[in-house]
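Input: a single structure, listed below in C-alpha cells.
The numbers here are math on the coordinates, done by the rules we state, and not lab data. None of the values given here were measured: they were computed from a predicted structure. Heads up, the Cβs are rebuilt from the backbone with ideal geometry, glycines too, and the neighbour counts pull from every protein chain shown.
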Amino acid sequence: MAETSFSLSGTSSVKEQTHNIDHASDLLPFANKSRQDGRFNDIIIRIGEKNIPANKMVLSCYSKYFDTMFNTEMEEKYKDVVELQAVDAESVEKLVDFMYTGKININTNNVCDLLAVSDFLQMLSVKKLCIEYLLTTITQQNCLTIQALADRFTIPKLTEKFNNYVVEKYQQVISDDHFKKLSKDDVIKLLQLTHDKVSSDLVYTAVMNWVKFDLASNESYLSELFKFVDISKVSPKMLEDVISVEPLIRKLDDWGIYHTTPAVRLHNDLPVRRSSASAVVIDDILYHLAGDLNTDGKETATNIVHRMKLKEKVLKWEKVASMNVERYVFGAAVINDQLYSLGGHDGQQVISSVERYDPSSDEWKDVASMQTPRRWFAAVVLNNAIYAIGGYDGKQTLKSVEKYNVDDDTWVYVENMNIERSSHAACVAQNKIYVVGGLDSGKKIVKSIECYDDQTDKW
C-alpha cells in the first residue's frame, strides 16, 4: 500500500475533537458469545465432574482469587485446567456467568452457597449483593442460619441485624424447631449473646425448650446451660410456679446452691406482709414472728408465725402455730433450740408477757412474764440466760435490765445501764453484752456504746 502524503498541518487554524465510544457495552456480550462458541477460552475450571470453560483475563478482572492465581508464579498460571475443591459447582458456574453478563439471580435457595463461593473467590461485588439480600429477608426460621453466616464470614452488618432481631423476637425464635435442633455449642453461643439482653424468664424458657426437645441427648448439658439463667432476676412467679417444681431442675447437683443465694430468698415473699416483727433461726430454719399489719394506716398487732427451711432445695414459707399473744416491736431469743417471744405492744398497751415455742411439737406455752412491760427494747442471750435491755414502758424510756433464768423460769433485775435507751441495738461478743445507740429519755438519738459483764454485773 502506498504511503499517504496528505497533511493538514499547514492550515491556519487547528481544530481538535475528542470522542468517547462505549466499547464496554459491546465487550461483555462479545466475550460471552466467544466463551460459548469456544473462541479465546484458555482455561477450564473443574469441580468434580463439572467443567466450566473461561478466559483467564475475564476471571482475573472480576475475581482477586483468580487474579492472584494467574498473575503470580503459582503453578496454575501455566495450566489449562484448574481444579477447585470443596466449593459448590453450581454457584461457581453462576459466578462465572455473572462475570460475562453482569447478571445474577439471588434467592433463598442459593444465597448461602453464593455468599460462601463469592467469599472464597474474593468477588466482593457479589458478596455485597448477598449480604444486602440477607439483611432484608431475616425471619425467625432463618435468623440462626444468618447468624452462623455472619459469624463464619465476619459480617458486622449481619451480626448487628441478627442481634437486634433475636432480642426483639426472642420468644418466637426459641419456640421454633430451628432453635431446638441447634447443636449444644450453637445454643451456648446464642445464650452468651443474649442472656443479658432479654429477661431471665425467657433465658430459662430457651434452655428448657432446647433440652426437652431431645431429652435423651440434651439432659446432660442442662447444668452447663442453666448457668446462663440469672436466678436473681427471674420473676417470683416463674421461680415459684415453674422452676422450683421442675423435676429436671431439682435433679441438678448444684440446684441447692442456686436456690439458697440471698437473691433467690428475696423472691420468696412473705405470705402476709408486716413490720416491727422479729426473726430468728433455729437449726437452719428461719422463723418470722408476729408484727404490725398496719391495717388502713393503723398499728395492728398480729400473732402469726411463718417459717422457711433453708436447707430445702425449694424454699417456701409455711405457717406454723400462732403465738398466744398478738404483739409487735417485741424481743425474740433462742435458747436450747427453744424460741422465746418477749414483751412488745399488743395493739392496746405495752406488755410484759413471755411465751416459748417448741419446734418439735409446734406449740407455744406461756412462761414467766418480765417484771417490767417493754417495747422498743433489745433482747440477747448470754451464758444460757435472756437479757431484756432498756426500751419503753408506755410512759418513759428505760435503763433497767432484767435477766431470765431458764432453769427456774424467773426474771431478776441486774445492774441498770448508764443511760435510758429505746430503739437501740445489742449483741454479744467475747462473752459480754454490747449496747449501741438508740433514743434517750428526751427522744434524742445517742451515739454512745455500753458494755455489760455478767461476772461483775457492771456496765
Subject >> C-alpha long axis of helix 89-101 to longest principal axis of the chain, angle in ° >> reply: 60
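Between Lys458 and Ile188, what FRET efficiency follows from the Cβ-Cβ distance if R0 is 60 Å, with the result rounded to 0.05? Working shown, then result.
Details: r = 65 Å, r/R0 = 1.08.
The value I calculate is 0.40.
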Original post:
Hey, rough spin-label estimate for Ile282 and Ala321, points 7 angstrom out along Cα→Cβ, what's it come to in nanometres?
Top reply: 1.0
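For a footprinting-style exposure proxy, rank Tyr434, Tyr392 by other Cβ within 10 Å, fewest first.
Working: Tyr434 15, Tyr392 23.
Least crowded to most crowded, the residues run Tyr434, Tyr392.
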**OP:** Could you calculate the FRET efficiency of Asn105 with Asp241 from 1/(1 + (r/R0)^6), where r is the beta carbon distance between them and R0 is 45 Å, rounded to 0.05?
**Re:** 0.30
Subject >> the range 357-459 - Rg (one decimal) and Dmax (whole number), Cα, Å >> reply: 14.1, 44
Original post:
Label Asn209 and Glu224 with points 7 Å out from Cα along Cα→Cβ: what is the distance between them in nm?
Top reply: 2.1
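Exceeding 28 Å between C-alpha atoms, which entries from my cross-link table qualify? They are Lys157/Lys184; Lys309/Lys403; Lys181/Lys227; Lys309/Lys365.
Working: Lys157/Lys184 25 Å; Lys309/Lys403 31 Å; Lys181/Lys227 20 Å; Lys309/Lys365 23 Å.
Distance filter (> 28 Å) returns Lys309/Lys403.
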**OP:** Just report the Cα centroid separation between the range 385-459 and the range 350-373, whole Å.
**Re:** 20
Subject >> Ranking of Ser422, Ser353 by count of other Cβ atoms within 10 Å, fewest first >> reply: Ser353, Ser422
Original post:
Among the aspartates and glutamates, which have Cα under 19 Å from the Cα of Lys298 when same-chain residues fewer than 8 positions away are ignored?
Top reply: Glu326, Asp346
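Multiply the residue gap between Asp269 and Gln338 by 0.36 nm, knock off their C-alpha separation, and tell me the result in nm, one decimal place. Intermediate values should be presented prior to the final figure.
Details: separation 69, 0.36 × 69 = 24.84 nm, distance 2.51 nm.
Here the segment from Asp269 to Gln338 would lengthen by 22.3 nm.
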Subject >> Centroid-to-centroid separation of the range 40-119 and the range 285-311 [C-alpha atoms, Å] >> reply: 79
Original post:
Non-local amide H neighbours of Ser448 (under 5 Å, H modeled in plane, Pro and chain starts lacking H): which ones?
Top reply: Gly437
Original post:
Pairs Lys64/Lys127; Lys94/Lys128; Lys169/Lys189; Lys180/Lys212; Lys33/Lys79; Lys161/Lys189: which are spaced more than 19 Å apart, C-alpha to C-alpha?
Top reply: Lys33/Lys79
Original post:
Mind checking the dipole of the range 269-348: about its Cα centre, +1 per Lys or Arg Cβ, -1 per Asp or Glu Cβ, Debye to the nearest 20?
Top reply: 240
**OP:** Could you tell me the largest-minus-smallest coordinate of the C-alpha atoms of the range 184-224 on each of the three principal axes, in descending order and whole angstroms?
**Re:** 30, 19, 15
**OP:** Once you have the Kirkwood Rh of the range 24-137 from its Cα pairs, apply Stokes-Einstein at 37 °C and 0.692 mPa s and quote D in µm²/s.
**Re:** 226
Original post:
Of (1) -0.72, -1.06, -1.12; (2) -0.44, -1.02, -1.20; (3) -0.66, -1.07, -1.21, which one was derived for log10 I(q)/I(0) by the Debye sum over Cα atoms at q = 0.08, 0.12, 0.13 Å⁻¹ from the structure shown?
Top reply: (1)
Original post:
If one takes the longest principal axis of the Cα atoms in the chain, at what angle in degrees, from 0 to 90 and to the nearest 10, does the Cα axis of helix 24-37 lie?
Top reply: 80
Original post:
If you put +1 on each Lys and Arg Cβ and -1 on each Asp and Glu Cβ, how big is the dipole of the chain around its Cα centre, in Debye rounded to 20?
Top reply: 880
**OP:** Quick one: what are the phi-derived ³J(HN,Hα) couplings along the range 188-204, Karplus 6.51/-1.76/1.60 with θ = phi - 60°, whole Hz, x for glycine and proline?
**Re:** 4, 4, 5, 5, 4, 6, 10, 4, 9, 10, 10, 5, 5, 4, 5, 4, 4
**OP:** Once you have a ≥ b ≥ c as the square roots of the Cα gyration tensor eigenvalues for the range 262-383, tell me rounded if a/c is under 1.5, and otherwise prolate or oblate according to whether a/b is larger than b/c.
**Re:** oblate
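Classify the range 165-267 as rounded, prolate or oblate from the Cα gyration tensor: take a ≥ b ≥ c as the square roots of its eigenvalues, call it rounded if a/c is under 1.5, otherwise prolate when a/b beats b/c and oblate if not. Could the numbers behind the result be given before it?
Numbers: a/c = 1.87, a/b = 1.31, b/c = 1.42.
Oblate is the answer for the range 165-267, as a/c is 1.5 or above yet b/c matches or exceeds a/b.
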Original post:
Residue farthest toward the positive end of the dipole of the range 51-155, with Cβ of Lys/Arg at +1 and Asp/Glu at -1: which of Asn51, Val87, Tyr133?
Top reply: Tyr133
Original post:
How far is helix 124-135 tilted, in degrees, relative to the longest principal axis of the Cα atoms in the chain, given as a value from 0 to 90 rounded to the nearest 10?
Top reply: 40
Original post:
Considering the zone a paramagnetic label at Leu382 would reach in this model (a point 7 Å from Cα along the Cα-to-Cβ line), which residues of the range 390-430 have amide N under 13 Å from it?
Top reply: 390, 401-404, 414-418, 426-430
Original post:
For labels at Thr300 and Asp366 in the simple 7 Å Cα→Cβ model, what's the distance in nm?
Top reply: 2.6
**OP:** Arrange the following residues from fewest to most other Cβ atoms within 10 Å of their Cβ: Ile131, Ile449.
**Re:** Ile449, Ile131
Original post:
Over the chain, what is the mean sequence separation of C-alpha contacts under 8 Å (at least six apart), divided by residue count, expressed as relative contact order in percent?
Top reply: 5
